[in-house]
């Protein structure tokens with residue numbers, strides 16, 4: 001059965017709006033009105049977000065504004081058939097509307113026979129139109145509910161090790177420092193992407209990320225903490241969807257909380273790399289995170305446990321740890337303080353600055369295991385200012401509306 005056409009209407013007159021709506025309701029095969037109004041910018045946003053089959057744009061006293069809206073939608077390749085409607089049916093206006101991008105012209109007041117013809121042609125156009133499938137890149141969140149486990153280091157190096165078109169996203173919105181780990185100055189941030197998300201195209205999106213190499217870019221957190229106050233979970237959801245349409249891989253570095261922003265990111269992620277260190281507080285925190293993931297309905301295959309700063313000198317039995325967590329550990333990143341600190345201070349991922357180190361080798365192995373991709377790391381980038389140079393030249397964001405609280409249950413102590 002053919003799906004009914006969906007419509008959005010722009011009309012500055014209530015009577016004209018009612019006339020078009022009534023004609024759509026009586027149309028053969030049915031038509032569904034999704035939204036409408038008299039404000040051009042509002043209707044533009046409705047069309048971009050709802051992606052209706054067609055939009056009826058009436059031209060009245062604000063003739064130029066209506067034509068500009070049609071041209072704007074056409075230039076942005078919005079997959080909606082545009083129908084221009086006006087009382088003035090002069091050849092000049094019809095030609096102008098077609099040049100702007102309208103597919104049909106409808107005379108007002110509506111003549112039933114003409115309306116039926118316009119709707120039939122619109123339905124035929126919509127049925128034969130083939131949209132280019134949008135790319136949907138793989139999204140990986142590197143997460144720990146306990147600070148100090150090295151998630152930012154892990155996220156940065158994992159993103160660099162993938163060596164395919166990848167964007168690294170800093171979701172610590174009020175205290176993000178990923179630019180320091182990459183030794184770059186970020187001119188724009190995710191706040192700019194959110195602010196302009198409705199008008200986003202590939203060119204504008206590319207201008208908001210900070211390039212690091214031919215395969216790695218950064219979407220930075222806002223420079224000013226106050227800029228994060230107006231960012232809502234739905235904004236993050238939409239921004240991440242835009243990024244995964246542009247990149248093969250999206251690597252997220254969220255906050256160490258289960259606030260609404262973090263949950264919006266974790267919900268979207270295809271994989272969650274749960275990072276812990278082999279100390280009792282970190283292990284208990286990881287266990288609580290797994291409980292929350294279960295409550296959120298995440299399949300366990302979505303979560304991969306990685307131990308950071310692993311050492312044979314740590315007196316904990318791995319088998320007991322895995323039994324306590326109920327999950328196998330897929331990676332062990334060894335503890336080696338000096339090269340890690342050096343790479344951070346240089347502002348260069350360790351997998352690039354010292355690609356043969358044990359840490360780099362293990363991170364590349366984890367990337368291959370998790371993603372099933374080759375990780376022939378790109379050449380090291382030219383030396384950058386790094387963390388020290390950036391510093392010499394806030395608080396984490398508090399949990400917002402959607403916060404998960406876990407009732408702690410007693411578990412057997414992990415055997416030492």
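Scan segment 237-251 for residues that are touching a strand residue (DSSP E or B) at 6+ places or on another chain (Cβ under 9 Å) and either surrounded by fewer than 22 Cβ atoms within 10 Å (Cβ to Cβ) or part of a helix (DSSP H, G or I) (or both) and report the count. The qualifying residues number 6. If you go through segment 66-95 and pick out every residue that is over 21 Å from residue 6 (Cα atoms) and touching a strand residue (DSSP E or B) at 6+ places or on another chain (Cβ under 9 Å), you end up with 6. Any residue in segment 377-399 that is closer than 21 Å to residue 166 by Cβ, at pLDDT 50 or above and touching a helix residue (DSSP H, G or I) at 6+ places or on another chain (Cβ under 6 Å)? Checked against the condition, which is being closer than 21 Å to residue 166 by Cβ, at pLDDT 50 or above and touching a helix residue (DSSP H, G or I) at 6+ places or on another chain (Cβ under 6 Å), segment 377-399 yields no hits at all. Taken as a whole, the structure leaves residue 282 outside the set of residues that are buried (at least 23 other Cβ atoms within 10 Å of the Cβ), in contact with a strand residue (DSSP E or B) (Cβ under 9 Å, 6 or more places away or on another chain) and within 25 Å of residue 149 (Cα to Cα). Pairs linking a residue in segment 107-120 that is within 13 Å of residue 5 (Cβ to Cβ) and assigned by TED's automatic domain parsing to the domain that holds residue 16 to a residue that is in a loop (DSSP other than H, G, I, E, B) and modelled with pLDDT under 90, with Cβ atoms under 6 Å and 6 or more positions apart or on different chains, are 119/27. Taking the listed residues 364, 323, the one that is out of contact with any strand residue (DSSP E or B) (no Cβ under 7 Å at 6 or more places or on another chain) and surrounded by fewer than 16 Cβ atoms within 10 Å (Cβ to Cβ) is 323, with no other qualifying. Residues in segment 293-306: is at least one surrounded by fewer than 20 Cβ atoms within 10 Å (Cβ to Cβ), touching a helix residue (DSSP H, G or I) at 6+ places or on another chain (Cβ under 7 Å) and more than 26 Å from residue 183 (Cα to Cα)? No; the residues of segment 293-306 include none that is surrounded by fewer than 20 Cβ atoms within 10 Å (Cβ to Cβ), touching a helix residue (DSSP H, G or I) at 6+ places or on another chain (Cβ under 7 Å) and more than 26 Å from residue 183 (Cα to Cα).
Report yes if some residue within segment 335-342 is closer than 15 Å to residue 276 by Cα and at pLDDT below 90; otherwise report no. Within segment 335-342, one or more residues are closer than 15 Å to residue 276 by Cα and at pLDDT below 90.
Residues of segment 94-122 that are farther than 20 Å from residue 51 by Cα, touching a helix residue (DSSP H, G or I) at 6+ places or on another chain (Cβ under 8 Å) and assigned to a helix (DSSP H, G or I): 96, 97, 112, 115.
The values are calculated or read from the model by the stated rules, or taken from the named source; none is laboratory data. Remember, predicted model here, so these are calculated numbers, not experimental data. Cβ sites come from the backbone with ideal geometry, for glycine too, and all protein chains shown count toward neighbours.
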